[in-house]
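Structure first, commentary second.
The values are calculated or read from the model by the stated rules, or taken from the named source; none is laboratory data. Because the structure is predicted, anything quoted here is derived from the model rather than measured. FYI the Cβ positions are ideal-geometry reconstructions off the backbone, even for glycines, and counts take in every protein chain you see. Only protein heavy atoms, including side chains, enter the accessible area calculation; ligands, DNA and RNA are left aside. Shrake-Rupley method; radii C 1.70, N 1.55, O 1.52, S 1.80 Å.
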Amino acid sequence: MKKKAVISLRKVWKIYKMGSATVNALRGVTLDVWQGEFVAIIGPSGSGKSTLMNLVGALDKPSRGHIFLDGKDISLMEESDLAQIRGQKIGFIFQQFNLLPALSATGNVGLPMIFQGIPEAKRVERATELLNSVNLGERLNHKPNELSGGQQQRVAIARALANEPEMLLADEPTGNLDSKTGGEIMSMLEDLHTKKGRTIVLVTHDIHLVKHAERVIYLKDGQIEKVVKNHKRGHKHA
Amino acid sequence: MIKDYVYFAFLNFSARKLRTFLTVLGIIIGIAAVVGLISIGEGLQETINEQFRALGGDKLIVTPKGGGFAIGAPSGSADLTKDDLDVVRKSRGMDKAGGMIFKLGQVTYGDERKTPFVSGIPQDETKDIFSDIQTFSIVEGRDLMDGDKYSAVVGILLYEGEYFDKSVKIRDRLTIEGQEFKVVGVLGRIGNPQDDSQILIPLEAAREIFDEPEKLDFIMGQVRPGFTPSDVADSVTRDLRKFRDVDEDEEDFDVQTFEQILETFSDIFSVVQAILIGIAAISLLVGGIGIMNTMYTSVLQRTNEIGLMKSIGARNSDIALLFVIESGFLGLAGGIIGLIIGASMGLLVEFGASQVGLPFNTHLSFTLLVGSLLFSFVTGAVAGVAPAISASKLKPVEALRYE
Ligand SMILES: Nc1ncnc2c1ncn2[C@@H]1O[C@H](COP(=O)(O)OP(=O)(O)OP(=O)(O)O)[C@@H](O)[C@H]1O
Ligand SMILES: [Mg+2]
């Protein structure tokens, strides 16, 4: 099977300027995320994981180097085009869930579809379907504050899937959950990968979670230290 | 999708009801003031117009220059006479015209002597020109009539004993300028002491006792149906100018129509209304600034949400639109409440007026209704533009990290 890159980073630098001090959060990272793979990025706090994920998710532009999404260099793209592309191709899952408190579960899952101009009936239908798939069929009209942490993160997963993205990006998705609930979320992500063939990028500092991934990228001081293939899992979906 | 943004706006309002209410208070007051003032003002103006028309829309008045409704022309100005009346009568478009005299007269009743206003009213066919515009009625006895000579109708204060020590009754006798008159009627209350203490007598009797065979203080004419009062006033002015041999703009007389008097009144009214609306506009401006302030606060509080929306595909324009719609509806909400309060104010005034017997309807026009709502929405939306732009320019990563 010919591998297709969903996103490619070439010698990417991210430099933050804080007054006179500069922080090199990423220092020449080159990386491809292949279609259908489950890749984990692991590293100590401050190593640049979130910075990297923001770039992979087209939330930010590099200071130096190039990022190609569908062959197009995102540094050259307008912010509003970038937003459209994020909405269509990328599904984010955050540590803090980031659900809108005023909206029901259905409303939150439907939100990304609003920005793609999908009509309401279609949105509700799809949101219901997705919430059913994360076992929240009974909680469609609950507000985030009426849901447990694990349930909220499942709503967030459903939301990330709303526009059939090419890739799911999860930054510490279990960081705010206890280990049992965290385990449920992880196996849900694993299922999305093995059963649905979804591309998943997981960012974590928890070494126990990388066992779910096919490929583990070790990040240290803004550079890729090593890449390890997880052979135990690697062949499952191929 | 605008419908969704409107829905989000209402979710946000209901999540912060008190703040929403306080924010729109300025708009509420401004719109309530505008709607209240205009609806009451328009109603009032309509009522006044109607009353004026009913009374004397087809009348015109000729007075010596500077005389107007005041008593006695200033010294040096020429008097009006019977001959002037004849000229007025013959002017184009004039139906009929009459003249009257009014003067301060020496009046003795019992052994008391006072100096009230005495008016000589014609009793011929021109009498009804005067009685049309005189809003008073006869409450006791009868009005003056053709054939009366030394008969008088007295103001209510005389009848009530408020003017002379002893009250003046029907069939009592008064001495005016040395001539004895019989009281035949009493006028209803007009409301000011000067009018309520006046005495009306036939014009012929007034000419005799004041020794004024020619002079008239006041000529009133009625315009023939189909003619415009102001056109007739122009031809009266022209004719009188020729007759009295004066140049244009140097006339020693005034010709006024009720239309003109009404216009003068309207002008004053519009000025007052403009000032009040100016004040209301200031409160709307303050209201707009209040909304702007709230929207800036809201952008700060919702920075994280904005970051989230951007990460899931919201463009800058989506975010800007979302906030402009929200602040527009904030303004509209204030406008609706203000409209209700303003309209109720109008109805309250209307009710109050009806309690004291004033015929008065507030007038809430469709333009005012739609205009005030549109205006409050636009005020809110405009106030929201700057905060909305600042929201739309937030960088997604930084907005997401914001706590
Ligand atoms: N907006 C910013 N301005 C300045 N410096 C920043 C900014 N964002 C990140 N950094 C710096 O860049 C470096 C990498 O940060 P990043 O958030 O990517 O780390 P991380 O690996 O995600 O850490 P953690 O595991 O604690 O989340 C850190 O030194 C951080 O202080
Ligand atoms: Mg991080």
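Put simply, the Cα atoms of the range B:286-403 extend 69, 24, 20 Å along their principal axes, the longest span coming first. Give B:LYS59/B:LYS82; A:LYS11/A:LYS72; A:LYS4/A:LYS229; B:LYS59/B:LYS114 a once-over and call out the pairs whose C-alpha atoms are over 22 Å from each other. The answer is B:LYS59/B:LYS114. Computed over the Cα atoms of the range A:17-139, pair by distinct pair, the Kirkwood hydrodynamic radius stands at 17.1 angstrom.
How many angstrom lie between the C-alpha centres of the range B:313-348 and the range A:1-69? Using only Cα atoms, the two centres lie 43 Å from each other.
Need one word for the range B:169-224: rounded, prolate or oblate. Basis is the Cα gyration tensor (sqrt eigenvalues a ≥ b ≥ c); a/c below 1.5 gives rounded, then a/b vs b/c decides. Here the range B:169-224 falls in the oblate category. Under Stokes-Einstein, with the Kirkwood radius over Cα pairs as Rh, the value for chain B at 20 °C and 1.002 mPa s is 81 µm²/s.
For the pair the range B:88-119 / the range B:145-192, the C-alpha centres are spaced 14 Å from each other. Once all protein chains are placed together, A:MET18 keeps about 130 Å² accessible to a 1.4 angstrom probe. Inter-chain neighbour count for B:303-311: the average number of beta-carbon atoms from partner chains within 10 Å of each residue's beta-carbon is 6.
With all projection directions averaged, the alpha carbon convex hull of the protein assembly as shown covers 45.3 nm². Helix A:79-89 sits at what angle to the longest principal axis of chain A, using alpha carbons and giving 0 to 90 degrees rounded to 10? Helix A:79-89 sits at roughly 60 degrees to that axis. For chain B, take the longest principal axis of its alpha carbons; what is the angle in degrees between that and the long axis of helix B:2-15, to the nearest 10 within 0 to 90? The angle comes out near 80 degrees.
Straight-line cross-link reach from B:LYS17 at under 17 Å between alpha-carbon atoms covers these aspartates and glutamates, not counting any fewer than eight positions away in the same chain: B:GLU326.
Computed with a 1.4 Å probe on the full set of protein chains, the accessible area for B:TYR163 sits at about 40 Å². Can you give the mean number of other chain Cβ atoms that lie within 10 Å of the Cβ atoms in peptide B:312-324? Neighbouring Cβ atoms belonging to other protein chains average 5 per residue here. B:LYS149 contributes about 80 Å² of solvent-accessible surface, heavy atoms of the protein only, 1.4 Å probe.
Residue order by solvent-accessible surface for B:GLU177, A:GLU214, B:GLU212, B:GLU248 is B:GLU248, B:GLU177, B:GLU212, A:GLU214, largest first, with ligands and nucleic acids left out and a 1.4 Å probe. Can you figure out the FRET efficiency of B:SER167 with B:LYS242, using R₀ = 41 Å and their beta-carbon distance, to the nearest 0.05? For B:SER167 and B:LYS242, the calculated efficiency is 0.20. If you plug the beta carbon distance of A:TRP34 and B:LEU25 into 1/(1 + (r/R0)^6) with R0 = 45 Å, you get a FRET efficiency near 0.15. Beta-bridge orientation, chain A: approximately 55 percent antiparallel, per DSSP, counting only bridges with both partners inside. Size estimate for chain A follows the Kirkwood approach: the inverse of mean 1/r over distinct Cα pairs works out to 18.3 Å. Taking a ≥ b ≥ c as the square roots of the eigenvalues of the Cα gyration tensor of the range A:13-71, is the shape rounded (a/c under 1.5), prolate (a/b larger than b/c) or oblate? It comes out oblate by the Cα gyration axes. Candidate cross-link partners of B:LYS169 among the aspartates and glutamates, defined by an alpha-carbon separation under 20 Å and a same-chain spacing of 8 or more, comprise B:ASP111, B:GLU112, B:GLU140, B:ASP143, B:ASP148, B:GLU160, B:GLU177, B:GLU180, B:ASP195, B:ASP196. Give the Debye-formula value of log10 I(q)/I(0) at each listed q (0.17, 0.19, 0.25, 0.28 Å⁻¹), with one equal scatterer per alpha carbon of the range B:211-274, two decimals each. So the normalised log intensities work out to -0.78, -0.89, -1.11, -1.19.
Scaled against 2.2 N^0.38 Å for its residue count N, the alpha carbon radius of gyration of the range B:59-224 is 1.02.
Residues A:ARG154, A:ARG159 ordered from highest to lowest accessible area at a 1.4 Å probe: A:ARG154, A:ARG159.
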